[in-house]
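Values quoted throughout were computed directly from the atomic coordinates according to the rules given, and no laboratory measurement underlies them. Worth saying up front: this structure is predicted, and the values here are computed from it rather than measured. We place every Cβ from the backbone using ideal geometry, glycine too, and count neighbours over all the protein chains shown.
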Amino acid sequence: MQAFQTHRGIVATLDRANVDTDQIIPKQFLKSIKRTGFGESLFFDWRYGADGKANPDFELNDPKFAGASILVTRNNFGCGSSREHAVWAVAQYGFRAIIAPWQDRNGGRVPGFADIFRNNCVKNGILTIELSEPEVDTLFEQVERFKGVNATIDLDEQRVILHVDEEIAFHFDIDPVVKDHLIRGLDDIALTLEYANDITAFEKTHDTQLAETV
C-alpha cells in the first residue's frame, strides 16, 4: 500500500455525525469483488439526485472542495457494518486522511471513528486522526471562512498544520505500531512477508518432522 509520511492537500468538510458505512458506500455497490471503481459511488445517496446528476446541496459537491484529499467530519464516522468497501471508496475518491473529533461523555472518551472502520483504514493506507471537538470546530470555521484551504499532515511529527492567514497547528496521538505501518506502507500481506525467511524455514522443518512421524 502507499506509505503515508507527509501529505499536503485541500481540506473538505462533512458536517455530519454518525456517518455509517451504508451511507459511505450503499449496499448495491457491494456486488463487485474487485477493489476498484468505488470512488465514484462514495456517499452515493447524498452525492447524486434521483436523475443521477450531482446534488448541488451536498457538501462535497461544492466546487471549492474539488480535488480534496483531507476530509474533516464529525464523531463516530464509519459506524455500521464492517464492509471494507467503505474504505476502498474513501481511498479511491482521493482522500488520504480523515479527521474526526473524540468526545468526552460522562467522563469517558468516545472515539471519533468506529473501530472496524479505523482498522480497515490502516490496512489501506488511510490515516485517521482524532482531535478534540473544539479543534475540529476550528477546522470547520477556517474552511468555511477561506476558499480552498490546504493542510499539511506530518505523521512523523503527529501534527496537522492548517495553512490560513496565520498557520494553525494541532497535535494528534496515534498508536506507535499503526504509525510505523503507515510510514513504511505495510499492509497485512507486507507485514507477513517481512518474516518470509522464517516462515520458509519453519515449513521445511515442519515438513521434515511430519515425515519422520509417519
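Note on region 86-175: Rg/Rh from Cα positions, Kirkwood definition for Rh, rounded to two decimals, is 0.97.
Would you kindly state how much longer the chain becomes between Asp57 and Asp104 on full extension, computed as 0.36 nm times their sequence separation minus their alpha carbon distance, in nm to one decimal?
13.8 nm
Close lysine pairs were tallied over region 6-185: pairs 8 or more places apart or on different chains with Cα atoms under 27 Å apart number 10. What FRET efficiency comes out for the pair Lys147/Asp22, r = Cβ-Cβ distance, R0 = 30 Å, nearest 0.05? The formula returns an efficiency of 0.40 here.
As a rough guide to protection, the peptides 136-148, 3-15, 82-94 ranked by mean Cβ packing within 10 Å, highest first, stand as 82-94, 3-15, 136-148. With distances taken between every two different alpha-carbon atoms, the chain has a Kirkwood hydrodynamic radius of 18.7 Å. Placing a label point 7 Å from the Cα of Asn124 along the Cα-to-Cβ direction, the residues of region 10-24 with a backbone N closer than 19 Å are 12-14, 18-24. Between Asp154 and Arg8, the distance separating the two model label sites (each 7 Å from Cα on the Cα→Cβ line) works out to 1.2 nm. For region 6-185, the relative contact order comes to 24 percent (Cα pairs under 8 Å, sequence separation of at least 6). Here's how it looks for Tyr48: its modeled amide H is under 5 Å from those of Asn55, which are all 5 or more places away or on a different chain. Gain on full extension, evaluated as 0.36 nm per residue between Asp165 and Arg47 minus their Cα-Cα distance, stands at 39.4 nm.
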